[in-house]
Amino acid sequence: MVVRFLIPFIAILLFLLEPEFALFSPIQINEHTVFLVPRFLILYLIFVSIYYSRQRAVIYGVIFGLLYDVFYIDIIGLYSVLYPLICLLAGSTVKFIHQHLSITTLLSLILVAVLEIVLYYFFSFINFTTMTFTDFTMSRLVPTIIANLLFLVMLGWVFKYLINARVLQRARDNN
């Protein structure tokens, strides 16, 4: 019974932890400022979409995207559209690729890069940022991908294990 609530509990925990890790950014490296954006929740939702249920991941994406819009930015609808779209892409892509952890990690990082690039173009379209794409790539995109890769290297196997535990429990409940 406890396993049933494990997936949403971890999502809530990651939603609450992201801003805490964001406090470590920006970082000065050789007089160059880099921004590390934690994307723990969307990485987890991608894993949920691939290993558990694309529909549940999309639902969680809508809910947490809307919460992200309400609590962290002033534009309602941006994350509540992008999060489920990323989950949908992850769940659809998995039909064509192997579900090995390394492939899932690579796909997750590509989707986070897509998310970051879409956000960059949206914010530059509304003149919220004047950063050039090259500056964005060097000071935000690459450091964000590296930081989130480290996160997945540390916890990706845990995500997979916990999601598989829920899948097994669900199969037992249906028998």
Find out how many positive minus negative residues lie around Tyr72, taking Lys and Arg as positive, Asp and Glu as negative, among other residues whose Cβ is under 14 Å from that of Tyr72.
-3
Take Asp135, Asp69 and order them by how many other Cβ atoms sit within 10 Å, fewest up front.
Asp135, Asp69
What does the charge count near Asp135 come to, summing +1 for each Lys or Arg and -1 for each Asp or Glu among other residues with Cβ under 15 Å from its Cβ?
-1
What number comes out for the charge environment of Ile42, summing +1 per Lys or Arg and -1 per Asp or Glu over other residues with Cβ under 12 Å away?
-1
Give me Glu18, Glu31, Glu116 ranked fewest to most by other Cβ atoms within 10 Å of their Cβ, as a rough exposure proxy.
Glu31, Glu18, Glu116
Cα-based helix-to-principal-axis angle, 40-51 vs the chain, degrees rounded to 10:
40 degrees
Have a look at Asn164, Asn127, Asn148 and tell me which one the Gaussian network model of the chain (Cα, springs below 10 Å) gives the largest fluctuation.
Asn127
The farthest towards the positive end of the charge dipole of the chain, of the residues Phe136, Ala171, Ala22, given +1 on Cβ of Lys and Arg and -1 on Cβ of Asp and Glu, is Ala171
Nearest 10 degrees, 0 to 90: what angle lies between the long axis of helix 54-72 and the longest principal axis of the chain (Cα atoms)?
40 degrees
Taking square-rooted eigenvalues a ≥ b ≥ c of the alpha carbon gyration tensor, is region 17-116 rounded, prolate or oblate, where a/c under 1.5 means rounded and, failing that, a/b exceeding b/c means prolate?
oblate
Counting other C-beta atoms within 10 Å, which of Leu89, Leu14 has the fewest, and how do the rest follow?
Leu89, Leu14
Mean separation of Cα contacts under 8 Å, 6 or more apart, over the residue count of region 1-131: relative contact order %:
19 percent
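Laboratory data are not the source of any read-out in this text; all were calculated from the coordinates shown. Quick caveat, the model's predicted, so the values are computed rather than measured. Neighbour counts run over all protein chains shown; Cβ positions are idealised from the backbone, glycine included.
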